[in-house]
1. Considering B:E40, B:E111, which residue is within 14 Å of chain A (Cβ to nearest Cβ) and free of Cβ contacts under 8 Å to residues at least 60 places away in the same chain?
2. Test A:R365 against the criterion of being assigned to a loop (DSSP other than H, G, I, E, B), under 24 Å from the mean Cα position of the chain (by Cα) and either in contact (Cβ under 8 Å) with a residue 12 or more places away in the chain or within 12 Å of chain B (Cβ to nearest Cβ) (or both), and give yes or no.
3. Filter the stretch B:219-245 for residues that are assigned to a loop (DSSP other than H, G, I, E, B), touching a Leu at 6+ places or on another chain (Cβ under 8 Å) and surrounded by fewer than 24 Cβ atoms within 10 Å (Cβ to Cβ) and give the result.
4. Return the residue satisfying two criteria in turn: it lies in the stretch A:305-322 and is farther than 30 Å from A:S377 by Cβ and not basic (K, R), and of such residues it is surrounded by the fewest Cβ atoms within 10 Å (Cβ to Cβ).
5. Mind checking which pairs have a first residue in the stretch B:136-164 that is part of a strand (DSSP E or B) and a second that is surrounded by fewer than 19 Cβ atoms within 10 Å (Cβ to Cβ) and hydroxyl-bearing (S, T, Y), Cβ under 7 Å, 6 or more apart or different chains?
6. Any residue in the stretch B:64-73 that is surrounded by fewer than 17 Cβ atoms within 10 Å (Cβ to Cβ) and not in a loop (DSSP other than H, G, I, E, B)?
7. Taking only pairs six or more apart or across chains, which ones have beta-carbon atoms under 9 Å, a first residue in the stretch B:334-360 that is facing chain A (nearest Cβ under 7 Å) and free of Cβ contacts under 8 Å to residues at least 12 places away in the same chain, and a second residue that is surrounded by 21 or more Cβ atoms within 10 Å (Cβ to Cβ) and part of a strand (DSSP E or B)?
8. Out of everything in the stretch B:367-385 that is of a type in the set (A, V, I, L, M, F, W, C) and away from chain A (no Cβ under 14 Å), what residue ends up being surrounded by the most Cβ atoms within 10 Å (Cβ to Cβ)?
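The values are calculated or read from the model by the stated rules, or taken from the named source; none is laboratory data. Keep in mind that this is a model prediction, so the values were computed, not measured. Every residue, glycine among them, receives a Cβ derived from its backbone with ideal geometry; neighbour counts consider all protein chains shown.
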Amino acid sequence: MATQTPTAIEIERTREPNGNAAVEAALNRRYEAGFVTDIESESLPPGLDEGVVRAISARKNEPEWMTEWRLAAFRHWLTMTPPHWAKLEIDPIDFQAISYFSQPKNRPKSLDEVDPKLLETYDKLGVPLHERARLAGVAVDAVFDSVSVGTTFRKELAAAGVIFCSISEAVREHPELVRKYLGSVVPTGDNYFAALNSAVFSDGSFVFVPRGVRCPMELSTYFRINARDTGQFERTLLIAEEGASVSYLEGCTAPMRDENQLHAAVVELVALDDASIKYSTVQNWYPGDENGVGGIYNFVTKRGDCRGARSKISWTQVETGSAITWKYPSCVLRGDDSVGEFNSVALTHHRQQADTGTKMIHIGRNTKSKIVSKGISAGRGQNTYRGLVKVEKGADGARNHTQCDSLLIGKKCGAHTFPYIEVKNPGAIVEHEATTSKISEDQLFYCRSRGIGEEDAVSMIVDGFCKQVFKELPMEFAVEAKKLLEVSLEGAVG
Amino acid sequence: MSALLDSLLGERAAPAALAGVRDAAIAALRDRGLPGPRDEAWKYTSLRALEQRRYVDGDCGARTRPVDVAFLPGPFAARLVFVNGLHREGLSAAGAVTGLAIERLGSRPDELAALLRSPPPADAFGELNAALALDGVRVRVAAGARIEAPVQIVHVGAPADGDVAWSLRVQVELGAGAQLRLVEHHVGSASNANLASIVTAYRLGAGARLELVQLQDAADGGTLVRRSDAMLEAEAALDLHTIEVGAQLARHDLVVGLAGRGARFRSRGVFALHGRQHVDTRLAVTHLARDTACDIAWRGVADQRSRGVFHGAITVAAGADGADAQLANKNLLLSAQAEIDTQPVLEIHADEVKAAHGATVGQLDERALFYLRSRGLPLDLARRVLVAAFCGAVLDGLEPALRAHVDALLATRLPQAEVLS
């Protein structure tokens with residue numbers, strides 16, 4: 001960047017009162033995870049019709065019922081139109097220009113056969129596979145583009161009775177579980193992108209924690225979009241039976257791209273009586289460059305169903321990547337005394353746009369939900385919290401508290417809050433509060449008077465702003481999330 | 001086309017000057033129709049039932065029909081009474097007040113037509129208002145003038161031959177530094193099921209100050225769709241009290257633009273609903289200039305089978321640095337069949353801002369109830385005391401006589417609450 005002729009924006013920026021060279025360098029930093037692994041992909045040609053859906057299903061050796069399920073979803077998708085209600089400016093997406101399946105050519109039979117280059121990619125990203133996985137104590141179901149290439153710790157998990165595998169494998173080996181739960185939380189026709197995902201989902205993770213089992217380790221999937229112009233459509237299904245508990249981590253980075261890549265994932269969680277699921281995400285996909293060129297389009301449907309009494313589902317997310325984020329991890333609080341939580345940090349810089357939030361649907365009695373949302377906007381980023389808290393008639397004693405705070409860094413960004421509160425039960429208590437402000441001059445001045453540089457001061461203040469969410473993250477994620485925010489925000493002040 | 005529009009958009013005898021406006025509005029309505037369930041602005045208010053109804057276009061007997069209305073107490077500089085959308089000379093009263101000009105537009109169709117076109121209607125109900133308009137009024141306060149006693153505008157809905165649909169356009173203009181107190185009173189003469197559309201625009205010049213009270217006590221069976229559009233120049237201040245207790249279906253779009261530096265908007269509102277009432281308030285405040293402020297506190301009580309909807313959106317435009325925006329919405333849900341939907345929205349495009357909003361939905365505080373009962377108040381009375389206090393918190397600042405009237409009115413509307421378990 002430094003060797004190029006400065007663009008108009010850069011020149012303008014250097015004229016800003018507090019601009020300095022270090023700030024410039026940091027602002028123009030390249031996406032660190034931006035590299036492309038050169039592995040031949042076996043992709044389907046771009047386009048989408050019933051033939052493509054059948055081809056995907058055939059390549060995955062799926063049974064007839066699965067193919068039919070996909071086709072039903074595809075037919076429904078054809079009748080739908082993309083949603084326009086989000087506060088996002090998106091050029092129309094040509095769904096026929098996308099290839100709906102790609103996988104590394106040499107299909108590995110075990111981890112040892114995995115292409116070294118692939119492992120190298122994970123290495124660069126810090127994915128703890130092989131011995132590293134063992135050392136880190138994390139079981140990883142790594143998804144490279146669309147096919148699981150290796151799953152570790154299967155045996156240890158199997159001993160505990162936990163099933164952790166790719167969803168394709170689950171379709172073949174545990175069809176009764178998949179048939180019972182797939183689409184039971186997010187129906188195929190739920191929304192435009194969920195329908196698309198249901199038709200063409202490539203792979204993803206399947207977790208089943210049986211009755212009474214506390215999953216012995218934290219489960220983790222590292223997604224990575226790789227092949228050019230290939231949408232990735234993961235499908236994750238996680239079931240915790242009565243009294244089971246599990247913590248699941250999901251993290252994402254993707255190589256640098258010029259064209260927008262489409263990503264439409266569906267995550268379904270099912271918690272039966274007394275079960276508890278903690279789902280954490282750090283999302284750092286390529287956000288596009290400072291002019292908004294490239295970047296991932298991220299349209300995700302995540303929903304947890306607290307089906308059983310006293311069940312608990314907790315979503316924690318740190319969203320720093322993607323050009324477009326459209327994502328509302330939700331909880332359906334069906335069981336009496338069930339609990340839903342949503343903790344989120346979303347950061348938009350340059351021309352990133354995020355429209356994210358949650359839905360808490362209170363159906364059972366004495367259901368409780370808590371929402372903490374922290375939005376940070378910098379550059380020309382647009383950050384929107386959109387949330388629904390709905391208390392149905394039968395939800396006596398329902399309780400919700402929502403806090404959404406936005407922090408603005410710079411003159412050209414935006415921070416927006418669209419909460420929907422619908423209450424039909426007079427025994428419910430629902431509270432929502434939101435604030436928007438820029439980084440306090442007083443706090444900055446205090447830090448600076450103590451000899452702390454402006455960059456560090458901003459970083460400290462932002463860290464404090466997000467602390468409530470970070471403390472919900474598992475340790476290794478918290479460290480990564482903190483670093484991500486620091487890096488993403490360097491130079492945003494001025 | 002819906003039965004509603006079919007019944008209203010036919011041929012009718014009207015001043016030629018208004019024909020063009022009406023034709024354009026009808027064309028727009030035929031093209032666009034009324035908002036449907038997928039329209040975000042009408043998410044919580046269904047117009048399905050309304051669209052199935054048929055109305056008579058205007059009340060030809062409005063100028064002579066006897067009405068029985070209790071006017072608000074207290075002195076006034078002028079009282080303008082409209083019955084089913086038409087001005088009633090005999091009920092109105094206005095003395096000569098220096099600096100205050102009241103222009104009735106029913107007899108000046110050219111001016112009314114011009115007013116209906118500028119600005120053009122903002123939505124389908126704005127078009128309906130323009131299509132049905134036969135009368136209007138313009139209230140002007142000269143620059144620097146201070147009008148001491150309030151001006152009252154009384155909108156009376158009265159039973160006519162069949163259910164009538166009527167509309168009225170009101171324009172309120174304050175010159176630079178002018179001051180006015182304005183009371184808008186929506187009241188039913190007797191039970192009726194009319195459809196009323198009122199569009200009011202307020203223009204506040206630099207440094208002008210408008211104290212506005214909107215008391216909506218329309219007839220129980222009626223439908224009332226209102227739009228209040230305020231634009232404030234530099235240092236102008238609008239202080240608004242809104243009380244909504246009437247109508248079967250009431251929708252109020254309150255749009256405020258803080259266009260000049262230092263403009264301020266303060267708003268206190270309350271709705272108290274019972275029966276099958278549905279009241280939808282949609283407030284949109286936009287900070288367009290530097291150092292503008294808004295402070296909004298709205299409270300709602302929904303009892304029996306009623307539904308209260310509140311949407312409070314604050315937008316701070318790029319460049320409107322120094323904006324200070326506060327919104328609080330608190331609601332009491334008193335019945336298992338009632339519903340409250342609230343949506344506080346912030347859209348911030350500038351960074352030197354302080355913006356906060358809060359919304360709650362809950363019920364009476366058990367401890368407060370217990371306290372009152374331990375002092376010997378029966379449960380029913382204790383409830384009424386607490387609900388009255390809840391509503392009263394946003395009524396401070398009303399003139400004592402008016403406050404007493406509003407308190408009494410609220411008391412008749414507030415719970416005969418069913419016992420909560």
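1. Working: B:E111 fails: within 14 Å of chain A (Cβ to nearest Cβ).
The conditions single out B:E40.
2. No.
3. B:G222, B:E233 - these are the residues of the stretch B:219-245 that are assigned to a loop (DSSP other than H, G, I, E, B), touching a Leu at 6+ places or on another chain (Cβ under 8 Å) and surrounded by fewer than 24 Cβ atoms within 10 Å (Cβ to Cβ).
4. Keep residues of the stretch A:305-322 that are farther than 30 Å from A:S377 by Cβ, which gives A:305-312.
Then drop every residue that is not not basic (K, R), which leaves A:305-306, A:308-309, A:311.
Numbers: A:D305: 26, A:C306: 32, A:G308: 23, A:A309: 17, A:S311: 34.
In this case the residue turns out to be A:A309.
5. Correct list of pairs: B:V156/B:S189; B:G157/B:S189.
6. No, that holds for no residue.
7. Sorted first by the residue in the stretch B:334-360, then by its partner, the list stays empty.
8. B:A382
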